[in-house]
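Undergrad: For reference, the structure I am asking about is given below.
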Amino acid sequence: MIDTLRLTAESAKELVRAKEISGDELFAAYLDAIGERDPELHCFLHVCEASPGDGIPIAIKDVIGTKGVPTTAGSKILEGYVPVYDATVAARCKEHGLRLLGKTNTDEFAMGSSTENSAYGPSHNPWDPTRVPGGSGGGSAAAVSAGLAPWALGSDTGGSIKQPSALCGNVGLRPTYGTVSRFGVVAFASSLDQVGPVAKTVRDCAYLYSVISGRDENDSTTVEVPPVEIPESADLRGVRIGVPRELNEAEGIEPGVTAAVSAAIEQLAALGAEVDECSLPRSVEYGLACYYLIAPAEASSNLARYDGVRYGLRSEGADFREMVMNTRHDGLGDEPKRRIMLGTYALSSGYYDAYYGTAQKVRTVIKREHDAVFEGFDALVCPTSPTVAFPLGARADNPLAMYLSDLLTIPSCVAGLPGLNVPCGLSDGLPVGLQLIGPQFSENTLFRVGHALEQALAFDYVPARYRR
Amino acid sequence: MTWEAVIGLEIHVQLKTRTKMFCRCENGFGGAPNTQTCPVCLAFPGALPVPNRRAVEETIKLGLALGCTVADRAIFHRKNYFYPDLPKAYQISQYDEPLCSNGTLAVPTPDGEITVGIIRAHLEEDAAKNVHVAESGRLHGATATLVDFNRGGTPLVEIVTAPDLHDADTAKRFLQLLRQTVVELGLSDAELEKGSMRFDVNVSVRPAGSDELRTRTELKNMNSFNFAAKGIEREIARQIRVYEAGDVVEQETLHFDPTNEDSPPIRSKEEAQDYRYLPEPDLVPVHPPAEVVDRLRGEIGELPGARIARIAKTLSFYDADVLVTGDLDRLWSAVVGAGASPKDAANVLANQFVASGVDPAAVDATELAKLVRARGDIPRAAFDTALAHAGDPGFSAEPYLAQKAVADVDQLDPVIDRVLAANPGQVEQFRGGKEGLLGFFVGQVMKETGGTADARVVNQRLREKLGRS
């Protein structure tokens, strides 16, 4: 009997290599787990049949195009759409022998922090199914924590990998912008979107990052990346870690979250890291506002292609204009519509300079503020989410409260920097996530620090209710 | 009051690169609908553009040919609007940081050179093609729109001129010259019928001597240069009539029927479209390396405008214009270089040679020069036959030069007398002052002699016999 709840990708690979289990048995074990637990959790929008091979199974967020496998991005407007080509990241997983288990749930077009904006219904948190798994990549994060997949791919625009990983108690990396190809990934906000791995351990996360990262000739914004180092050491001597005041003392951070993160920071110091306070005042004050101009502006343009002409939903109309309006009225949910309106406004003639133009300038300020801080530190640490997983429905009717879920993840996303969520404890029986932020291309440092912390904290990533 | 027209042009030229602007689909005309498409040019979810290096270089080359400054940093923008032929619902174009800007094109005219400012030359992608069909399959009463995405995403250079043109004829000359420049640079077929060159014309008028810019109208869909000249002339006249009647010209677009020059254009109000330009986040800025720009500059030969100006110093403007626009000037130079008189060479090339349909590139200039020199000494028929074979491989003028025209008056006089006797009416008219008829009599004599007569002797004898020498 394979215990998918506890099994890491690394140990699964070892079991297959040692021929203790076959690849097909492994795949079947995950299908069984999905059959058992997904009716309650609703992590998957589509489950695949076993593909040939001995590779480790993987779940992929439904904004990532997969050839021959439906890809909806959580939207009705793409219901029934089956890509004719693989996203580069999906193709790279295949090239490494990884076998697609299925497509995971997401807020519609990755717009949201709870999966409640999915047109196909929300996912549930495996630690407490009355609570959200976070979002937008709640399906991937919940699937990994519930043992429905050893690891998964997510996508992160303003926190969609890091925040669900925090709320579900696993490891998620948002890589440096430009290190992972966006080709074939349904675009939300092109200058912010990055695909990244979700896993149970930092080592698994680093390995999966090595699979998907690197220059792609189909994505002009990608670059070559330094060789990925799978972390081994628990020694953090010589590593300088900054604790940005504004990200650790922001209004709305729950005491239980602060307690767990503070304890972890002490642990970092105990491992030999030099820990000191620092400050990112403007990044935190203006980050959210900046993000909510840039992301909707790009989204308003990116989502314009869903016009009913070539694929996906079409609602008939008397002429082209009416057909497009009906299609988008019927096919898009409230959140995409809200952001399209915000973004269209921000780009409109006469408002562009005041909104989009200013946001771009602020973005530069935020980047420079981070650059300056990283002259003194190798990594920064803070909570990933101000709160633990919140109940379904708690913020669903209040977009602004929902947007604040990403307060701590957004500034570094706007700066294009990598961020790693590592679970650091529980608060009221729910996981607390710690966020490590580094300068551009510092993934190896984040893996090193994350791995050391993971070893020291020995967080049990199996949700308490599933433990035997 | 006298009026001055103010004309500006916006020209689109399709580059004939092997692949499209942002994907690897074949860039070709005439494939079966929707066969030259891929996820990128169909705007499937997740597809991303990758710029065509060749297209960027060709745009720079054209910009250099137009005297433009090549930007150190150029960026692409998204121009957002919904239309069935625009699959992403935005066109990737350039906005405030184009590849090329601030150039000029000197247009030679009979009255001297006119310098036309080039505001910008930028690179963008073409839209697809909408085909409106009715259930019967005909255009009339269309009930459905089909979209052919083969053209979608092909590279397009947009050239915008300053409003420096003031008459229809110069505008036409500018367009012809630009077309020839683009074709000679090998960038485009620039065929108006195929749509690989298209242009819009902005027209306004103002009191002569004033420098104000009045309301303009935009003329679209004129698919020939003559059509354009005619359309511009009519629009200038109309605007003058409007002002002289005390009215004002309204800003509007005039859509011509490309199949019928004479049908009045359909007018539409110009709606102020908000394209919500956005720097294209899927692409990085283009930084053309100096060595590439230098290499491209080195690939540009003497351009047609400069050649007209140079040749007009030797010949008339008219001859220079005909030679260059007819793509005959290189052969002309070679023939002159081989010893023919410039004027004779030009006359032969512009008239008999063009009529012969021979490819100028296939001609041995030395042999042609011999023919031109001997033109008056050999029979007309022999000359024409020689010209018709001038492009044949290994063509030699010698056998034709050996044929001497009949200059013997004793042989020619009987023929001349016969011709005069057979045409008494024309003889009377000539004697009454219609001297132009001389050519008619020469032609008749040539016909009778099978083209062997020496035209100079025939001319002289005819004048003598007709009593006017």
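Undergrad: Under 14 Å from the Cβ of B:A421, count the other residues' Cβ atoms, weight Lys and Arg +1, Asp and Glu -1, and hand me the total.
TA: In short, -2.
Undergrad: Also, quick follow-up: What does the net charge come to around A:F447 if you take all other residues with beta carbon closer than 9 Å to its beta carbon, with K and R at +1 and D and E at -1?
TA: Once all neighbours under 9 Å are counted, the net charge is 0.
Undergrad: Then there's this: Roughly how many whole Å is it from the C-alpha centroid of region A:54-76 to that of region A:149-200?
TA: Comparing the Cα centres of region A:54-76 and region A:149-200, I get a distance of 14 Å.
Undergrad: If you don't mind, another one. Could you compute how fast chain A diffuses translationally, taking Rh as the Kirkwood radius over C-alpha pairs and applying Stokes-Einstein at 10 °C with viscosity 1.306 mPa s? Give it in µm² per second.
TA: 73 µm²/s
Undergrad: Calculate the tail of P(r) for the protein assembly as shown: the fraction of all Cα-Cα distances greater than 50 Å, expressed in %.
TA: Tail of P(r) above 50 Å: 39 percent of Cα pairs.
Undergrad: 222 nm [θ] for the protein assembly as shown, helices only, -39500 (n - 2.57) per DSSP H run of 4+, per residue, to 500?
TA: -10500 deg cm²/dmol
Undergrad: Listing B:K465, A:K103 from the residue with the fewest other Cβ atoms within 10 Å to the one with the most, what is the order?
TA: B:K465, A:K103
Undergrad: Could you compute the net charge surrounding B:A71? Neighbours are other residues with a C-beta less than 12 Å from the C-beta of B:A71; K and R count +1, D and E count -1.
TA: With Lys, Arg at +1 and Asp, Glu at -1, the net is -1.
Undergrad: Quick one: if you take sqrt(5λ) for each eigenvalue of the C-alpha gyration tensor of region B:1-56, what semi-axes come out, biggest first, whole angstrom?
TA: 35, 14, 13
Undergrad: Given axes a ≥ b ≥ c from the Cα gyration tensor, I'd like to know whether region B:3-296 is rounded (a/c under 1.5), prolate (a/b larger than b/c) or oblate.
TA: Cα axes put region B:3-296 in the oblate bin.
Undergrad: Test of understanding: ordering B:K20, B:K88, B:K313, B:K172 by Cβ neighbours within 10 Å, fewest first, what list do you get?
TA: B:K313, B:K172, B:K88, B:K20
Undergrad: Using only C-alpha atoms and all pairs of different ones, pull out the Kirkwood radius for region B:409-466 in Å with one decimal.
TA: Radius from the Kirkwood sum: 11.2 Å.
Undergrad: Calculated FRET efficiency, B:K404 and B:E428, Cβ-Cβ r, R0 25 Å, to nearest 0.05?
TA: Here the calculated transfer efficiency is 0.10.
Undergrad: In nanometres, what is the gap between the two model label sites at A:R338 and B:H255, each 7 Å from Cα along Cα-to-Cβ?
TA: Result: 4.0 nm between the two label points.
Undergrad: Within region A:428-468, name every residue whose backbone N is under 13 Å away from a label modeled 7 Å from Cα of A:E229 along the Cβ vector.
TA: A:442-452
Undergrad: Compute the distance from the alpha-carbon center of region B:296-360 to that of region A:212-249, in whole Å.
TA: The two parts, judged by their Cα centres, are 66 Å apart.
Undergrad: Taking the Cα centroid of region B:31-80 and of region A:355-413, what is the distance between the two, rounded to the nearest whole Å?
TA: The two parts, judged by their Cα centres, are 35 Å apart.
Undergrad: If you don't mind, there's one more thing I want to ask. List the GluC sites (Glu not before Pro) within region A:178-229 that DSSP assigns to loop and that have no more than 12 neighbouring Cβ atoms inside 10 Å.
TA: A:E217, A:E224
Undergrad: For B:I114, B:I7, what ranking results if the residue with the fewest other Cβ atoms within 10 Å of its Cβ goes first?
TA: Fewest-to-most ranking of B:I114, B:I7: B:I114, B:I7.
Undergrad: Calculate how many DSSP beta bridges within chain B are antiparallel, expressed in % of all such bridges and rounded to the nearest 5.
TA: 95 percent
Undergrad: With N set to the residue count of region A:206-292, report its C-alpha Rg divided by 2.2 N^0.38 Å to two decimal places.
TA: Ratio of Cα Rg to 2.2 N^0.38 Å: 1.46.
Rule-based calculations on the coordinates, nothing more; no lab input. Quick caveat: nothing in here was measured; it's all calculated off a predicted structure. Here Cβ is always computed from backbone atoms with ideal geometry, including for glycine, and neighbour counts include all displayed protein chains.
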